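The values are calculated or read from the model by the stated rules, or taken from the named source; none is laboratory data. This is a predicted model, so every value here is computed, not measured. Here Cβ is always computed from backbone atoms with ideal geometry, including for glycine, and neighbour counts include all displayed protein chains. Side chains included, ligands, DNA and RNA excluded: accessible areas come from the protein's heavy atoms. Shrake-Rupley method; radii C 1.70, N 1.55, O 1.52, S 1.80 Å.
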Amino acid sequence: TLTVEPRKLKTEPTVEGMRKEVERNTTQPAFPPQKMRTDSLQDKQVGGHPALSWIADGTGMMDKSPVIAYTVWVRSTALKAEFSAKVDPQEFARLQPLLEAIINSLTLK
């Protein structure tokens, strides 16, 4: 899933600002529940903009099977993009490079 929307300035469009927002969000209940791997947070650059990615363990929405959720936030001064993919844990290592290629092709203005 990729969502891009006009950005309301809750935090600065920096990696540090995004980290603060992620820390706030991980204390909120999620549906279906996910547990972020805290050592998975990575600073990135996507299309010249700051980005932050992380991995979480969770369950599928319908069948409650285990999934790995891979999320990347990208910020510009005007836009907020969120890319997320939920994949079978056994397929994640194979799919992650493909997901990265999709993310790296993103251009925000």
Practice item. List the residues whose amide H sits under 5 Å from the amide H of LYS80, counting only those 5 or more places along or on another chain, with H placed 1.01 Å from N in the peptide plane. Key: GLU5, ARG7
Check your understanding: Of SER40, THR1, THR14, which is farthest along the charge dipole of the chain in the positive direction, counting Lys and Arg as +1 and Asp and Glu as -1 at C-beta?
Key -> THR14
**Study point:** Phi to ³J(HN,Hα) by Karplus 6.51 cos²θ - 1.76 cosθ + 1.60 over region 46-63, Hz, x for Gly, Pro
**Key:** 10, x, x, 10, x, 9, 9, 10, 7, 10, 9, 9, x, 10, x, 5, 8, 9
Review point. Any idea what the dipole of the chain comes to, in debye rounded to 20, about its Cα centre with Lys/Arg Cβ at +1 and Asp/Glu Cβ at -1?
Key: 340
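In what sequence, largest accessible area first, do SER105, SER40, SER65 appear using a 1.4 Å probe?
SER105, SER65, SER40
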Check your understanding: Given a 1.4 Å probe, how much area per residue of region 18-109 is accessible, in Å²?
Key -> 60
Review point. How much mean residue ellipticity at 222 nm does the chain get from its helices, if each DSSP H run of length 4 or more adds -39500 (n - 2.57) and you divide by all residues, to the nearest 500 deg cm²/dmol?
Key: -7000 deg cm²/dmol
Review point. What number, in nm² with one decimal, is the all-direction average of the projected area of the convex hull of the alpha-carbon atoms of the chain?
Key: 6.7
Point to revise | With every protein chain in place, the chain: carbon and sulfur % of accessible area (1.4 Å) | key: 56
Point to revise | Computed over region 42-109: relative contact order in percent, which uses C-alpha pairs under 8 Å that are six or more apart | key: 30
